[in-house]
Amino acid sequence: MATTLKKARILVLVLVGVLLAGCFGFGQWKVSGIVTDPANNPLAGVTLLVKAGKTVTLTTGDDGKWSTTVSGKEVEITAAKDGYEFEPVVVKKADNKPVTIVGTPKLTVSLAAGYYEEPISVTLAIAGNYTIHYTLDGSDPTAESEEYTAPIAIDEPGKVTVKAIAINNTDPTVTQTISAEYEYHNPGIIINGGFEFGLNYWHGRSCQLQVTDAESYNGTHSVLVTDRTETGSGPRYDLPTTIQHGQKYKVTVWVKYVAEAAPETRRFQICFQEGDDWRPIEIITGAEITKGEWGKIEGVYTIPTEIIRDGDPIPIPLANPRIFVETSWVANPDPNSDLMDYYVDAVSMILVEEEEQ
(Lines give C-alpha, C1' and ligand atoms only; values in the text may rest on other atoms or scores of the structure.)
Protein backbone atom coordinates (compact mmCIF):
# COMPACT_ATOMS: atom_id res chain seq x y z
CA MET A 1 0.00 0.00 0.00
CA ALA A 2 2.82 2.42 0.95
CA THR A 3 4.58 1.70 -2.33
CA THR A 4 1.38 2.35 -4.27
CA LEU A 5 0.81 5.68 -2.50
CA LYS A 6 4.42 6.71 -3.17
CA LYS A 7 4.06 5.97 -6.90
CA ALA A 8 0.81 7.94 -7.00
CA ARG A 9 2.49 10.95 -5.36
CA ILE A 10 5.35 10.79 -7.87
CA LEU A 11 2.87 10.67 -10.76
CA VAL A 12 1.03 13.69 -9.38
CA LEU A 13 4.29 15.62 -9.02
CA VAL A 14 5.22 14.80 -12.61
CA LEU A 15 1.84 15.99 -13.88
CA VAL A 16 2.10 19.19 -11.84
CA GLY A 17 5.57 19.76 -13.26
CA VAL A 18 4.26 19.40 -16.80
CA LEU A 19 1.44 21.84 -16.10
CA LEU A 20 3.80 24.35 -14.52
CA ALA A 21 6.15 24.07 -17.50
CA GLY A 22 3.28 24.96 -19.80
CA CYS A 23 1.97 27.75 -17.59
CA PHE A 24 5.27 29.40 -16.81
CA GLY A 25 6.98 29.01 -20.17
CA PHE A 26 9.51 26.29 -19.30
CA GLY A 27 8.78 24.80 -22.74
CA GLN A 28 9.59 28.04 -24.58
CA TRP A 29 12.63 28.68 -26.74
CA LYS A 30 14.28 31.64 -28.39
CA VAL A 31 14.31 32.24 -32.13
CA SER A 32 16.45 35.00 -33.64
CA GLY A 33 18.14 36.13 -36.79
CA ILE A 34 18.88 38.96 -39.19
CA VAL A 35 17.22 40.42 -42.28
CA THR A 36 19.48 41.53 -45.14
CA ASP A 37 19.38 42.51 -48.79
CA PRO A 38 21.06 40.31 -51.45
CA ALA A 39 24.39 42.14 -50.83
CA ASN A 40 24.21 41.11 -47.15
CA ASN A 41 23.47 44.65 -45.95
CA PRO A 42 21.21 44.67 -42.87
CA LEU A 43 17.65 45.91 -43.46
CA ALA A 44 16.07 48.12 -40.82
CA GLY A 45 12.34 48.67 -40.40
CA VAL A 46 11.28 45.23 -41.63
CA THR A 47 8.04 43.99 -40.08
CA LEU A 48 8.16 40.35 -39.01
CA LEU A 49 5.19 38.16 -38.12
CA VAL A 50 6.33 35.16 -36.08
CA LYS A 51 3.48 32.63 -36.03
CA ALA A 52 3.50 29.86 -33.43
CA GLY A 53 0.84 29.27 -30.79
CA LYS A 54 0.27 33.00 -31.10
CA THR A 55 1.51 35.64 -33.54
CA VAL A 56 4.27 37.99 -32.44
CA THR A 57 4.96 41.18 -34.42
CA LEU A 58 8.54 42.49 -34.53
CA THR A 59 10.41 45.28 -36.31
CA THR A 60 14.09 45.04 -37.14
CA GLY A 61 16.46 47.72 -35.85
CA ASP A 62 19.30 49.44 -37.68
CA ASP A 63 21.38 46.26 -37.49
CA GLY A 64 18.60 44.20 -39.11
CA LYS A 65 18.51 41.83 -36.15
CA TRP A 66 15.49 40.43 -34.33
CA SER A 67 14.66 37.88 -31.63
CA THR A 68 11.69 36.64 -29.64
CA THR A 69 10.60 33.80 -27.40
CA VAL A 70 8.16 31.22 -28.77
CA SER A 71 6.71 27.84 -27.92
CA GLY A 72 5.96 24.74 -29.93
CA LYS A 73 8.15 22.68 -32.23
CA GLU A 74 8.32 25.18 -35.11
CA VAL A 75 7.34 28.68 -36.18
CA GLU A 76 6.60 30.38 -39.51
CA ILE A 77 8.10 33.81 -40.13
CA THR A 78 6.88 36.26 -42.76
CA ALA A 79 8.56 39.59 -43.46
CA ALA A 80 7.34 42.77 -45.15
CA LYS A 81 8.91 46.08 -46.19
CA ASP A 82 7.98 48.45 -49.00
CA GLY A 83 10.19 47.89 -52.02
CA TYR A 84 11.14 44.31 -51.10
CA GLU A 85 9.91 40.76 -51.47
CA PHE A 86 10.52 38.04 -48.88
CA GLU A 87 9.92 34.30 -48.88
CA PRO A 88 8.24 32.85 -45.75
CA VAL A 89 10.62 30.92 -43.50
CA VAL A 90 9.86 27.95 -41.24
CA VAL A 91 12.16 27.54 -38.24
CA LYS A 92 12.23 24.39 -36.13
CA LYS A 93 13.19 24.29 -32.48
CA ALA A 94 15.74 21.59 -33.28
CA ASP A 95 17.57 23.91 -35.72
CA ASN A 96 19.00 25.86 -32.78
CA LYS A 97 20.68 28.58 -34.87
CA PRO A 98 20.01 32.18 -36.00
CA VAL A 99 17.99 32.64 -39.19
CA THR A 100 18.92 34.88 -42.11
CA ILE A 101 16.03 36.28 -44.13
CA VAL A 102 16.91 37.91 -47.46
CA GLY A 103 14.78 40.56 -49.15
CA THR A 104 15.01 41.05 -52.90
CA PRO A 105 14.06 44.31 -54.68
CA LYS A 106 10.39 44.27 -55.68
CA LEU A 107 8.05 46.98 -56.96
CA THR A 108 5.34 47.27 -54.29
CA VAL A 109 2.23 49.33 -53.77
CA SER A 110 0.51 50.34 -50.56
CA LEU A 111 -2.21 50.86 -49.41
CA ALA A 112 -3.75 47.62 -50.62
CA ALA A 113 -6.06 47.83 -53.62
CA GLY A 114 -9.74 48.01 -52.71
CA TYR A 115 -12.68 50.15 -51.60
CA TYR A 116 -12.23 53.12 -49.27
CA GLU A 117 -14.57 55.64 -47.69
CA GLU A 118 -11.93 58.26 -47.02
CA PRO A 119 -9.22 59.90 -49.17
CA ILE A 120 -6.06 57.81 -49.41
CA SER A 121 -2.43 58.10 -50.47
CA VAL A 122 -0.86 55.34 -52.54
CA THR A 123 2.86 54.67 -52.14
CA LEU A 124 5.04 52.99 -54.76
CA ALA A 125 8.47 51.66 -53.84
CA ILE A 126 11.34 49.49 -55.04
CA ALA A 127 14.79 49.00 -53.56
CA GLY A 128 17.85 49.57 -55.70
CA ASN A 129 18.69 51.84 -58.60
CA TYR A 130 15.29 52.23 -60.27
CA THR A 131 13.03 55.01 -61.52
CA ILE A 132 9.28 54.52 -61.22
CA HIS A 133 6.73 55.84 -63.72
CA TYR A 134 2.95 55.52 -63.40
CA THR A 135 -0.44 56.20 -64.99
CA LEU A 136 -3.94 56.68 -63.55
CA ASP A 137 -6.01 56.42 -66.73
CA GLY A 138 -5.71 52.66 -67.24
CA SER A 139 -2.98 52.88 -69.90
CA ASP A 140 0.26 50.94 -69.57
CA PRO A 141 3.07 53.15 -68.21
CA THR A 142 6.34 53.73 -70.04
CA ALA A 143 9.49 55.74 -69.48
CA GLU A 144 7.55 58.72 -70.87
CA SER A 145 4.80 58.47 -68.23
CA GLU A 146 4.63 60.57 -65.07
CA GLU A 147 7.61 59.95 -62.81
CA TYR A 148 6.77 58.88 -59.29
CA THR A 149 8.29 61.25 -56.71
CA ALA A 150 5.67 61.37 -53.92
CA PRO A 151 2.61 59.41 -52.72
CA ILE A 152 -0.34 59.56 -55.10
CA ALA A 153 -3.44 61.21 -53.61
CA ILE A 154 -6.80 59.61 -54.41
CA ASP A 155 -9.39 62.05 -53.12
CA GLU A 156 -11.95 62.26 -55.91
CA PRO A 157 -14.88 59.80 -55.71
CA GLY A 158 -14.73 57.05 -58.32
CA LYS A 159 -12.44 54.28 -59.52
CA VAL A 160 -8.74 54.74 -60.21
CA THR A 161 -6.32 52.13 -61.50
CA VAL A 162 -2.72 52.82 -60.56
CA LYS A 163 -0.31 51.18 -63.02
CA ALA A 164 3.42 51.53 -62.51
CA ILE A 165 6.68 50.43 -64.08
CA ALA A 166 10.09 50.43 -62.38
CA ILE A 167 12.98 50.80 -64.84
CA ASN A 168 16.50 49.92 -63.79
CA ASN A 169 18.75 52.94 -64.30
CA THR A 170 21.81 50.83 -65.11
CA ASP A 171 20.08 48.41 -67.48
CA PRO A 172 16.76 49.80 -68.83
CA THR A 173 15.81 46.35 -70.11
CA VAL A 174 15.32 45.28 -66.49
CA THR A 175 11.82 46.34 -65.45
CA GLN A 176 9.06 45.45 -63.02
CA THR A 177 5.37 46.34 -63.26
CA ILE A 178 2.43 46.47 -60.89
CA SER A 179 -1.25 47.41 -61.04
CA ALA A 180 -3.80 48.16 -58.32
CA GLU A 181 -7.42 49.35 -58.54
CA TYR A 182 -8.88 51.72 -55.94
CA GLU A 183 -12.42 52.91 -55.43
CA TYR A 184 -13.14 55.92 -53.26
CA HIS A 185 -16.67 56.74 -52.13
CA ASN A 186 -17.20 59.79 -49.94
CA PRO A 187 -20.17 59.06 -47.63
CA GLY A 188 -19.78 62.28 -45.62
CA ILE A 189 -21.27 61.79 -42.15
CA ILE A 190 -22.51 58.29 -43.08
CA ILE A 191 -20.32 55.40 -41.97
CA ASN A 192 -20.41 52.28 -44.16
CA GLY A 193 -22.43 54.01 -46.86
CA GLY A 194 -21.42 51.33 -49.37
CA PHE A 195 -22.20 48.29 -47.18
CA GLU A 196 -18.68 47.01 -47.68
CA PHE A 197 -18.43 46.44 -43.92
CA GLY A 198 -21.56 44.41 -43.31
CA LEU A 199 -24.62 46.03 -41.73
CA ASN A 200 -22.64 48.15 -39.30
CA TYR A 201 -24.67 51.28 -38.40
CA TRP A 202 -27.69 50.08 -40.41
CA HIS A 203 -30.94 48.39 -39.40
CA GLY A 204 -34.25 47.60 -41.05
CA ARG A 205 -37.64 49.11 -40.33
CA SER A 206 -40.48 46.62 -41.01
CA CYS A 207 -38.20 44.69 -43.35
CA GLN A 208 -35.17 42.41 -43.54
CA LEU A 209 -31.70 43.59 -44.63
CA GLN A 210 -29.10 41.35 -46.23
CA VAL A 211 -25.67 42.43 -47.48
CA THR A 212 -25.06 40.90 -50.90
CA ASP A 213 -22.48 40.85 -53.67
CA ALA A 214 -25.08 39.94 -56.30
CA GLU A 215 -25.54 43.65 -57.14
CA SER A 216 -23.54 46.79 -56.42
CA TYR A 217 -23.38 50.32 -57.72
CA ASN A 218 -19.84 50.76 -56.43
CA GLY A 219 -17.50 48.59 -54.43
CA THR A 220 -18.53 44.93 -54.37
CA HIS A 221 -21.59 44.91 -52.09
CA SER A 222 -25.00 46.48 -51.57
CA VAL A 223 -27.89 45.81 -49.18
CA LEU A 224 -30.92 43.82 -50.33
CA VAL A 225 -34.21 44.91 -48.73
CA THR A 226 -36.78 42.10 -48.41
CA ASP A 227 -39.96 41.11 -46.54
CA ARG A 228 -41.35 44.62 -46.30
CA THR A 229 -44.71 45.00 -44.62
CA GLU A 230 -45.40 48.61 -45.60
CA THR A 231 -44.17 51.14 -48.12
CA GLY A 232 -42.68 53.28 -45.37
CA SER A 233 -40.20 50.54 -44.51
CA GLY A 234 -36.60 50.18 -45.59
CA PRO A 235 -32.96 50.45 -44.53
CA ARG A 236 -32.50 53.03 -41.78
CA TYR A 237 -29.39 54.85 -40.58
CA ASP A 238 -29.15 56.62 -37.22
CA LEU A 239 -27.44 59.96 -37.80
CA PRO A 240 -24.80 61.28 -35.40
CA THR A 241 -26.24 63.65 -32.80
CA THR A 242 -23.46 66.09 -33.71
CA ILE A 243 -25.60 67.37 -36.59
CA GLN A 244 -27.13 70.77 -35.91
CA HIS A 245 -30.30 72.61 -36.80
CA GLY A 246 -29.88 74.67 -39.94
CA GLN A 247 -27.04 72.62 -41.38
CA LYS A 248 -27.50 71.88 -45.08
CA TYR A 249 -26.58 68.46 -46.50
CA LYS A 250 -26.55 66.89 -49.95
CA VAL A 251 -28.05 63.42 -49.55
CA THR A 252 -27.51 60.75 -52.22
CA VAL A 253 -28.71 57.14 -52.49
CA TRP A 254 -28.54 54.66 -55.38
CA VAL A 255 -31.42 52.17 -55.74
CA LYS A 256 -32.16 49.20 -58.01
CA TYR A 257 -35.02 46.70 -58.23
CA VAL A 258 -35.39 43.74 -60.58
CA ALA A 259 -38.60 41.89 -59.60
CA GLU A 260 -40.29 40.55 -62.75
CA ALA A 261 -43.82 41.45 -61.57
CA ALA A 262 -42.81 44.96 -60.48
CA PRO A 263 -43.80 48.01 -62.55
CA GLU A 264 -41.37 49.45 -65.09
CA THR A 265 -40.84 52.53 -62.90
CA ARG A 266 -41.45 53.22 -59.22
CA ARG A 267 -40.89 56.26 -57.04
CA PHE A 268 -38.39 55.86 -54.19
CA GLN A 269 -37.71 58.40 -51.46
CA ILE A 270 -35.15 59.39 -48.86
CA CYS A 271 -36.79 60.46 -45.62
CA PHE A 272 -35.66 62.20 -42.46
CA GLN A 273 -37.11 61.11 -39.12
CA GLU A 274 -36.76 62.05 -35.46
CA GLY A 275 -37.11 59.04 -33.15
CA ASP A 276 -39.59 56.22 -33.72
CA ASP A 277 -42.71 58.34 -34.06
CA TRP A 278 -44.11 58.48 -37.60
CA ARG A 279 -45.24 62.11 -37.25
CA PRO A 280 -41.78 63.75 -37.30
CA ILE A 281 -40.99 62.30 -40.75
CA GLU A 282 -40.15 64.53 -43.69
CA ILE A 283 -39.37 63.54 -47.27
CA ILE A 284 -35.90 64.78 -48.21
CA THR A 285 -36.23 64.00 -51.91
CA GLY A 286 -37.43 61.30 -54.30
CA ALA A 287 -36.97 60.01 -57.84
CA GLU A 288 -38.56 57.68 -60.36
CA ILE A 289 -36.37 54.58 -60.63
CA THR A 290 -36.44 52.37 -63.74
CA LYS A 291 -36.61 48.61 -63.20
CA GLY A 292 -33.34 46.78 -63.82
CA GLU A 293 -31.18 49.92 -63.62
CA TRP A 294 -29.34 51.67 -60.82
CA GLY A 295 -31.04 55.01 -60.26
CA LYS A 296 -29.89 57.98 -58.22
CA ILE A 297 -31.96 59.78 -55.61
CA GLU A 298 -30.35 63.07 -54.61
CA GLY A 299 -31.39 66.25 -52.91
CA VAL A 300 -30.28 69.02 -50.57
CA TYR A 301 -31.83 69.05 -47.10
CA THR A 302 -31.60 71.48 -44.20
CA ILE A 303 -31.86 69.94 -40.72
CA PRO A 304 -35.13 71.37 -39.31
CA THR A 305 -35.93 72.71 -35.88
CA GLU A 306 -39.52 71.50 -36.29
CA ILE A 307 -41.73 69.57 -38.71
CA ILE A 308 -45.30 70.65 -39.42
CA ARG A 309 -47.78 67.78 -39.26
CA ASP A 310 -51.49 68.47 -39.83
CA GLY A 311 -50.83 72.13 -39.17
CA ASP A 312 -49.13 71.53 -35.83
CA PRO A 313 -45.39 72.09 -35.26
CA ILE A 314 -43.49 69.10 -33.89
CA PRO A 315 -40.12 70.04 -32.34
CA ILE A 316 -37.03 68.19 -33.62
CA PRO A 317 -34.58 67.96 -30.70
CA LEU A 318 -32.08 65.83 -32.70
CA ALA A 319 -32.01 63.30 -29.88
CA ASN A 320 -32.38 60.36 -32.30
CA PRO A 321 -32.27 61.62 -35.91
CA ARG A 322 -32.19 59.17 -38.79
CA ILE A 323 -32.70 58.76 -42.51
CA PHE A 324 -34.28 55.85 -44.36
CA VAL A 325 -35.00 54.76 -47.95
CA GLU A 326 -38.55 53.73 -48.95
CA THR A 327 -40.99 53.43 -51.80
CA SER A 328 -43.49 56.30 -51.76
CA TRP A 329 -46.30 55.67 -49.30
CA VAL A 330 -49.68 54.20 -50.27
CA ALA A 331 -52.47 53.23 -47.87
CA ASN A 332 -53.04 49.71 -49.25
CA PRO A 333 -49.74 48.55 -50.74
CA ASP A 334 -49.69 45.93 -53.47
CA PRO A 335 -46.96 43.27 -52.99
CA ASN A 336 -45.83 43.55 -56.61
CA SER A 337 -46.20 47.28 -57.24
CA ASP A 338 -45.27 48.65 -53.83
CA LEU A 339 -43.51 46.05 -51.67
CA MET A 340 -41.03 44.54 -54.12
CA ASP A 341 -37.47 43.80 -52.97
CA TYR A 342 -34.80 46.36 -53.85
CA TYR A 343 -31.10 47.09 -53.49
CA VAL A 344 -29.54 50.18 -51.91
CA ASP A 345 -25.92 51.30 -52.27
CA ALA A 346 -23.57 54.31 -52.17
CA VAL A 347 -25.42 56.27 -49.50
CA SER A 348 -23.87 59.65 -48.68
CA MET A 349 -24.78 62.73 -46.67
CA ILE A 350 -22.28 65.53 -47.22
CA LEU A 351 -22.31 68.93 -45.56
CA VAL A 352 -22.84 71.40 -48.40
CA GLU A 353 -20.38 73.95 -47.00
CA GLU A 354 -17.64 71.29 -46.97
CA GLU A 355 -18.46 70.17 -50.50
CA GLU A 356 -18.16 73.73 -51.84
CA GLN A 357 -14.65 74.24 -50.39
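The values are calculated or read from the model by the stated rules, or taken from the named source; none is laboratory data. Please read these numbers as outputs of a predicted model, since none were measured by experiment. Counting neighbours? That spans all protein chains shown, and the Cβs are built from the backbone with ideal geometry, glycine included. In case anyone asks, the SASA skips ligands and DNA or RNA and just uses the protein heavy atoms, side chains included. Shrake-Rupley method; radii C 1.70, N 1.55, O 1.52, S 1.80 Å.
Structure data summary
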item	result
Within the chain, helix-based [θ] at 222 nm, where runs of 4 or more DSSP H residues each add -39,500 (n - 2.57), nearest 500	-2500 deg cm²/dmol
Listed values (1) 1.10; (2) 1.18; (3) 1.45, entry calculated as Cα Rg over 2.2 N^0.38 Å	(3)
Solvent-accessible area, 1.4 Å probe, carbon plus sulfur percent, for the range 141-237	45 percent
Amide H within-cut-off set for Thr161, under 5 Å, with H built and near neighbours excluded	Gly138, Tyr182
Cβ-Cβ FRET estimate between Ala150 and Thr78, R0 fixed at 30 Å, reported to 0.05	0.55
Segment Thr100-Asp137, extension gain: residue separation times 0.36 nm, minus the distance between their alpha carbons	9.2 nm
Average accessible surface area per residue within the range 150-246, 1.4 Å rolling probe, Å²	47 Å²
Accessible area per residue in Å² at 1.4 Å probe, computed on the range 23-103	59 Å²
Extension gain (nm, one decimal) between Thr290 and Thr242, 0.36 nm per residue minus Cα-Cα	13.7 nm
Solvent-accessible ranking of Phe272, Phe197, largest area first, probe 1.4 Å	Phe197, Phe272
Value of relative contact order over the chain, rounded to a whole percent, pairs C-alpha under 8 Å and six or more apart	12 percent
Under the Karplus curve 6.51 cos²θ - 1.76 cosθ + 1.60, θ = phi - 60°, whole-Hz ³J(HN,Hα) for the range 213-220, x wherever Gly or Pro sits	10, 5, 9, 7, 7, 9, x, 10
